[in-house]
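*Asks:* What follows is a single structure, and I will ask about it in a moment.
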Amino acid sequence: MSLRHLLSHRVSLAMQAAGIPAECQPHVAPSKNANFGDYQANGAMGAAKAMKSNPRAIAQSIIEHLDLEGIAHKIEIAGPGFINIHLEPQWLGAQTVALTPSLGAIAANSEKTIVVDYSAPNLAKEMHVGHLRSSIIGDAVVQTLEYLGYKVIRQNHVGDWGTQFGMLLAHLQSQMAKGENPTLALKDLEVFYQQAKVRFDQEPEFANTAREYVVKLQGGDAKILELWRQFREISLTHSQDIYQKLNVSLTADDVRGESAYNDDLAVLVKGLQEQKLAVTDNGAQVVFLPELANKDGEPSPVIIQKADGGYLYATTDLAALRYRVNTLKADRILYFIDARQSLHMQQVFIVAQKAGFVDEHISLEHHSFGTMMGKDGKPFKTRTGGTVKLASLLDEACERALTTVKAKNPDLDAQTLQNIANKVGIGAVKYADLCKTRTNDYIFNWDSMLSFEGNTGPYLQYAYTRIRSILRKANIEKNIEASQLNNTIHIKADQEKALALKLLQFNDCVEQVAAEALPHLLCTYLYDLASLFMTFYEACPILKDGVSEEDKLSRLSLSLKVSEVLEAGLGLLGIDVMEQM
Ligand code: ARG
């Protein structure tokens with residue numbers, strides 16, 4: 001159980017015993033200032049309001065019933081009725097020893113199924129920076145949910161259907177007819193797409209074939225379907241390469257693209273018509289939503305079938321949602337998609353609710369994020385104004401990291417350097433994105449993300465390696481074995497206490513990340529933890545002569561815990577640590 005949960009629970013019991021109504025919350029949180037104890041319970045004010053009574057008197061009666069024997073050595077009332085809790089150092093030490101960050105959840109959440117929709121590139125094109133945020137933010141949340149023991153089902157809702165495939169397949173067909181191998185032809189999807197587009201715009205005959213292929217594809221023509229399957233496979237391999245480079249946990253099994261819902265679209269539209277939700281408007285099938293009316297009171301139109309019979313992005317999303325509820329049995333569905341698709345998601349959610357696809361227990365959540373900007377404050381582009389391919393961006397990250405890492409360790413061999421650089425480069429790109437509040441746009445800047453100072457990936461990886469090197473040194477120079485550590489942690493200095501308290505807040509932080517899908521909270525936590533470690537290390541020598549055996553072991557154990565939490569926390573963000581860098 002986390003520190004905050006434990007204290008909240010005890011305060012709640014005391015409130016009950018004091019006769020306070022059950023709906024009054026204990027409001028337990030870490031104190032902002034050490035003078036006010038380690039934790040504060042601020043529930044007395046609310047309770048006093050509800051009971052029309054004096055808050056200090058209520059606080060007093062809560063304290064009288066509060067059992068924190070062995071946990072707190074001082075409990076006092078401050079100001080209008082704050083309860084300040086000063087924790088027992090010995091207890092804190094024991095709790096810290098018991099912390100096992102590598103294990104994940106003790107609480108069983110496995111009865112809850114959470115479906116997470118993320119990454120979802122369009123297979124017609126190369127993955128570009130626009131997919132970076134969804135992939136890494138979504139994956140950090142997925143890892144966190146799994147860590148907490150939830151049953152998580154990843155859904156990579158790739159764009160693998162639509163009219164643009166007509167043009168692409170026609171081009172692929174003609175390349176293959178010339179003897180070109182499909183994998184080679186599709187080596188660079190971006191170039192391939194552009195070639196097909198030029199032909200489509202300039203060659204009337206090609207454009208006709210392309211249109212014909214769309215009809216054939218939709219009609220289930222075996223030859224064209226086979227061609228489509230080939231294209232899709234090759235494009236998916238490109239995405240899979242990127243996931244691997246990025247250390248994102250998506251696999252081929254998580255792909256369930258738009259095409260998977262084809263057979264359900266007609267059924268879905270018919271159902272919405274029967275429910276009188278969809279109506280014919282200019283030949284199209286439209287659901288009008290007064291819930292999202294504009295300022296003139298006109299309802300928001302959601303087109304689910306065009307006049308020519310074609311289905312839309314919203315139709316597929318509705319079918320996907322229904323599948324996730326009925327077949328995957330989701331209790332919560334999270335979507336990690338660009339903020340520009342907010343209206344689309346709202347529309348889908350409202351139609352689904354009105355149509356009865358979901359009941360009120362199922363939580364539908366669009367977790368949006370801002371755009372990645374260049375240094376000039378405009379959306380991130382190549383020098384010539386093109387979209388930046390994710391693959392080249394990641395290569396550049398590793399190259400730049402190699403230069404920095406090499407400068408720090410000129411003696412390491414090339415292979416080791418490259419391995420470190422890959423982890424540092426990818427970690428830097430991911431961390432720079434994850435550490436910002438996701439709803440904001442953010443500025444992509446190589447120099448700041450690769451810096452070893454400040455709230456960056458390399459800083460945290462470096463903090464980890466520093467602790468590991470202290471532990472190695474203890475072993476080599478002082479003959480202290482790992483098995484000797486972690487038995488007792490004595491909390492004496494203020495810096496030790498601050499560090500232990502922070503360590504014990506790891507679980508609270510992880511739970512908050514999972515509840516709100518906000519990985520930046522974990523970044524801030526890890527950065528604070530690393531900074532507190534540095535302060536502790538300056539104030540509390542470990543391996544210096546003159547340090548008592550007891551202090552040495554205790555401080556080494558505390559350091560070991562910090563390294564474990566850093567490793568586990570960065571692991572949840574999909575960032576690797578290493579022994580040296
Ligand atoms: N393929 C879409 C795009 O690249 C994103 C899909 C997001 N997921 C969803 N269920 N709509 O913009």
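*Asks:* Could you grab the relative contact order for the chain? Cα pairs under 8 Å, six or more apart, rounded to a whole percent.
*Replies:* After rounding, I find 15 percent.
*Asks:* Can you tell me the 0 to 90 degree angle between the C-alpha axis of helix 132-147 and the longest principal axis of the chain, rounded to 10?
*Replies:* It is inclined by approximately 50 degrees.
*Asks:* Between Asn35 and Thr183, how many nm apart are label points set 7 Å from Cα along the C-beta direction?
*Replies:* 7.0
*Asks:* While we're here: Kindly provide log₁₀ I(q)/I(0) values, in the same order as q = 0.24 Å⁻¹, from the Debye equation applied to equal alpha-carbon scatterers of segment 124-210.
*Replies:* Result of the Debye calculation: -1.17.
*Asks:* From the convex hull of the Cα coordinates of segment 492-581, what is the mean projected area in square nanometres?
*Replies:* Numbers: hull surface 25.1 nm².
Mean orientational projected area (segment 492-581, Cα hull): 6.3 nm².
*Asks:* Now for a separate question. Find how much the distance from Asp338 to Lys406 grows on full extension, using 0.36 nm per residue of separation minus their present alpha carbon separation; answer in nm with one decimal.
*Replies:* 20.8 nm
*Asks:* Here is a further query. So for the pair Trp91, Gln353, with labels modelled 7 Å out along Cα→Cβ, what separation do we get in nm?
*Replies:* Here the answer is 4.3 nm between the modelled labels.
*Asks:* Semi-axes of the equivalent ellipsoid of segment 430-581: what are they in whole Å, largest first, if each equals the square root of 5 times a C-alpha gyration tensor eigenvalue?
*Replies:* 30, 17, 13
*Asks:* What does the charge dipole of segment 109-187 about its Cα centre add up to, to the nearest 20 debye, if the Cβ of each Lys and Arg holds +1 and the Cβ of each Asp and Glu holds -1?
*Replies:* Charge dipole, segment 109-187, about its Cα centre: 100 debye, nearest 20.
*Asks:* For segment 35-75, give the magnitude of the charge dipole about the Cα centre (Cβ charges: +1 Lys/Arg, -1 Asp/Glu; no others), in debye to the nearest 20.
*Replies:* On the way: 4 positive and 4 negative charges, 66 e Å.
In total the dipole reaches around 320 debye.
*Asks:* Here's another thing I want to ask about it. Can you tell me the length gained on complete extension of the stretch Asp201 to Gln580, counting 0.36 nm per residue apart and subtracting the Cα distance?
*Replies:* 131.0 nm
*Asks:* Further question: What number do you get for segment 416-516 when its Cα radius of gyration is normalised by 2.2 N^0.38 Å, N = residues?
*Replies:* Cα Rg divided by the expected 2.2 N^0.38 Å: 1.37.
*Asks:* Counting only the backbone N, which residues of segment 265-303 are under 18 Å from the spot 7 Å out from the Cα of Leu328 toward its beta-carbon?
*Replies:* Within reach of a label on Leu328: 265.
*Asks:* Evaluate the charge dipole of the chain about its Cα centre and quote only its size in Debye, nearest 20, assuming +1 on the Cβ of each Lys and Arg and -1 on the Cβ of each Asp and Glu.
*Replies:* Computed charge dipole of the chain: roughly 480 debye.
*Asks:* Pop out the Kirkwood hydrodynamic radius of the chain from its pairwise C-alpha distances, inverse of mean 1/r, in Å to one decimal.
*Replies:* Computed over Cα pairs of the chain, the Kirkwood hydrodynamic radius comes out at 27.3 Å.
*Asks:* How much FRET efficiency would the formula 1/(1 + (r/R0)^6) give for Leu13 and Tyr313, where r is the Cβ-Cβ distance and R0 is 41 Å, rounded to 0.05?
*Replies:* Using R0 = 41 Å, I get an efficiency of 0.20.
*Asks:* Between beta-carbons, use under 14 Å as the cut-off and find the net charge around Thr96, counting Lys and Arg +1, Asp and Glu -1.
*Replies:* Numbers: positive: Lys492, Lys497, Lys502, Arg555, Lys561; negative: Asp38, Glu88, Glu496, Glu564.
Local net charge: +1.
*Asks:* Among His9, Val279, Asn445, whose Cα projects farthest towards the positive end of the dipole of the chain, with charges put on the beta-carbon of Lys, Arg (+1) and Asp, Glu (-1)?
*Replies:* Selected residue: Asn445.
*Asks:* Once the other residues with Cβ under 14 Å from the Cβ of Thr280 are scored (Lys, Arg +1; Asp, Glu -1), what is the net sum? Don't skip to the end; give the middle numbers.
*Replies:* On the way: positive: Lys270, Lys276, Lys306; negative: Glu274, Asp281, Asp308.
Charge balance near Thr280 sits at 0.
*Asks:* Taking a cut-off of 26 Å, what percent of all Cα-Cα pairs in segment 314-455 are separated by more than that?
*Replies:* For segment 314-455, the share of Cα pairs beyond 26 Å comes to 47 percent.
*Asks:* A follow-up question, please. For segment 35-85, which GluC sites (Glu not before Pro) are both in a DSSP coil and crowded by at most 12 other Cβ atoms within 10 Å?
*Replies:* Glu69
*Asks:* Right, here's the next one. Using only Cα atoms, locate the centre of segment 151-223 and the centre of segment 276-343, then give the distance between them in Å, rounded to an integer.
*Replies:* Going from one Cα centre to the other spans 27 Å.
*Asks:* Next question. Give me the percent of Cα-Cα pairs in segment 1-128 that sit more than 26 Å apart, rounded to a whole number.
*Replies:* 39
*Asks:* Right, something else. Determine by what factor the alpha-carbon radius of gyration of segment 30-80 differs from 2.2 N^0.38 Å, reporting the quotient.
*Replies:* Here the Cα radius of gyration is 1.17 times the empirical estimate.
*Asks:* Answer with one residue from Leu169, Ala517, Ala207: the one whose Cα lies farthest towards the positive end of the charge dipole of the chain, charges on Cβ with Lys, Arg +1 and Asp, Glu -1.
*Replies:* With unit charges placed on the Cβ atoms, the residue in question is Ala517.
*Asks:* Just to confirm the number: angle between the C-alpha axis of helix 189-202 and the first principal axis of the chain, 0 to 90 degrees, nearest 10?
*Replies:* 30
*Asks:* I'd like the antiparallel share, as a percent to the nearest 5, of DSSP beta bridges with both residues in the chain.
*Replies:* Expressed as a percentage, antiparallel bridges in the chain total about 55.
*Asks:* Given a 1.4 Å probe and heavy atoms of the protein chains only, how would you sort Val267, Val116, largest accessible area at the top? Each step should come with its number before you reach the end.
*Replies:* Values: Val267 85, Val116 0 Å².
The most accessible residue leads, giving Val267, Val116.
*Asks:* Between the alpha-carbon centers of segment 40-116 and segment 228-269, tell me the distance in whole angstrom.
*Replies:* 46
*Asks:* Still on this structure, please answer the following. In degrees, nearest 10, range 0 to 90: what is the angle between the Cα axis of helix 457-478 and the longest Cα principal axis of the chain?
*Replies:* Taking Cα atoms only, the helix is inclined about 40 degrees.
*Asks:* What full-extension length gain, to one decimal in nm, is calculated for Gln273 and Lys52 as 0.36 nm per residue of separation minus the Cα-Cα distance?
*Replies:* Gain in length upon complete extension: 74.1 nm.
*Asks:* Moving to a separate point now. Among the listed pairs Lys381/Lys406; Lys245/Lys329; Lys276/Lys306, which have their C-alpha atoms separated by more than 22 angstrom in this model?
*Replies:* Lys381/Lys406; Lys245/Lys329
*Asks:* Quickly estimate the mean residue ellipticity at 222 nm for the chain, helices only: each DSSP H run with n ≥ 4 gives -39500 (n - 2.57), and the total goes over all residues, rounded to 500.
*Replies:* About -17000 deg cm²/dmol.
*Asks:* Determine the equivalent ellipsoid of segment 156-266 by diagonalising the alpha-carbon gyration tensor, then write out the semi-axes as square roots of 5 times the eigenvalues, largest first, rounded to whole Å.
*Replies:* Those come to 24, 19, 12 Å.
*Asks:* Oh, and also: Any idea how far apart Asp253 and Gln60 come out in nm if each label point goes 7 Å out from Cα toward Cβ?
*Replies:* 6.3
*Asks:* Excluding Leu412 itself, what net charge comes from residues whose Cβ is under 15 Å from its Cβ, given Lys and Arg +1 and Asp and Glu -1?
*Replies:* Taking every other residue near Leu412 into account, the sum is 0.
The values are calculated or read from the model by the stated rules, or taken from the named source; none is laboratory data. These figures come from a predicted structure and were not determined experimentally. Heads up, the Cβs are rebuilt from the backbone with ideal geometry, glycines too, and the neighbour counts pull from every protein chain shown. Ligands, DNA and RNA are excluded from the accessible area calculation, which covers all protein heavy atoms including side chains. Shrake-Rupley method; radii C 1.70, N 1.55, O 1.52, S 1.80 Å.
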